[in-house]
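Read through the structure below, which is laid out as structure tokens, and then see the notes.
No lab work stands behind these numbers, since they all come straight from the coordinates. In this text, all values refer to a predicted model and were calculated from it rather than measured experimentally. Cβ placement follows ideal geometry from the backbone for every residue including glycine, while neighbour counts extend to all protein chains displayed.
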Amino acid sequence: MFSKGDKVSVLDEAVDGVVLSVKDKQVTIETEDGFVMTFFVNELIKVNDSSNLMDSIRRIDTSELNKMKESPKPRSFVKERKDKNEISAPEFDLHIEKLVPNKRGMSNYDILTLQSETAKRHIEFAIKNRIPKIVFIHGVGEGILKAELDFLLGRYDNIAFQDANYQKYGLGATEVFIKQNSK
């Protein structure tokens, strides 16, 4: 359907370009801005050099119009598998908006101190109540809160921590594992 040198337009985006290569159902194009992008065949439509839009519309055959009208298939997302017996770990959001009703008048130092003290309080509670795992949501930002949290967690001998599940939290969370001592 497409061959090297064909002018194409992306259906759902304002991107036009020239076909560089066709492999299976994927077409690599170079956009008018010079970017190289790859699309599936059903995401592109061949356009003519004609500057008259009506001429271009008349040349599109009905099969291409029917393909454009088809609704896209829903994307499948891999869900995190859980055991039926597994209890989800408590999550604590350390964003300042979740901790205080109004942050007006607080300096950055005050905010970071409050966030650190809140995290410490939750860690101590989890250790005391033998909670094996907790999750701190700190967000991405500039990484200052994450660095402070890493420093705080590093001071405990019975704690291991890592970035939390990327699918669920992205890069903005830390998972804390509390090693239980048998008493």
Can you pull out the trypsin sites (Lys or Arg not before Pro) in the range 93-153 that DSSP calls coil and that have at most 10 other Cβ atoms within 10 Å? R104, R130
Phi to ³J(HN,Hα) by Karplus 6.51 cos²θ - 1.76 cosθ + 1.60 over the range 146-161, Hz, x for Gly, Pro: 4, 5, 5, 5, 4, 5, 4, 5, x, 7, 9, 7, 9, 10, 10, 8
Computed ³J(HN,Hα) along the range 97-105: with the Karplus parameters 6.51/-1.76/1.60, θ = phi - 60°, integer Hz and x for glycine or proline, the list is 5, 8, 9, 10, x, 8, 8, 4, x
Stretched fully, the stretch from F177 through R130 gains (0.36 nm per residue minus C-alpha distance, one decimal, in nm) 15.9 nm
Let me spell out the model: positive unit charges on the Cβ of Lys and Arg, negative unit charges on the Cβ of Asp and Glu, origin at the Cα centre of the range 103-167. What dipole size does that give, in debye rounded to 20? 280
At what distance in nm do the modelled label points of E91 and D163 sit from each other, each positioned 7 Å from its Cα along Cα→Cβ? 1.8
Hey, rough spin-label estimate for D110 and K98, points 7 angstrom out along Cα→Cβ, what's it come to in nanometres? 2.2
Given the Cα-Cα distance of D12 and Q26 and 0.36 nm per residue of separation, how much length would full extension add, in nm? 3.4 nm
Placed amide H near V47: partners under 5 Å, 5+ positions off or other chain: K7, V8, S9
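Pick out, in residue order, every one of the GluC sites (Glu not before Pro) in the range 89-183 that is DSSP loop and has at most 10 other C-beta atoms within 10 Å; say none if there are none. Kindly include the intermediate steps, with their values, before the conclusion.
On the way: sites: E91, E97, E117, E124, E142, E148, E175; in loops: E142.
Within the range 89-183, the qualifying GluC sites (Glu not before Pro) (loop, at most 10 other Cβ atoms within 10 Å) are E142.
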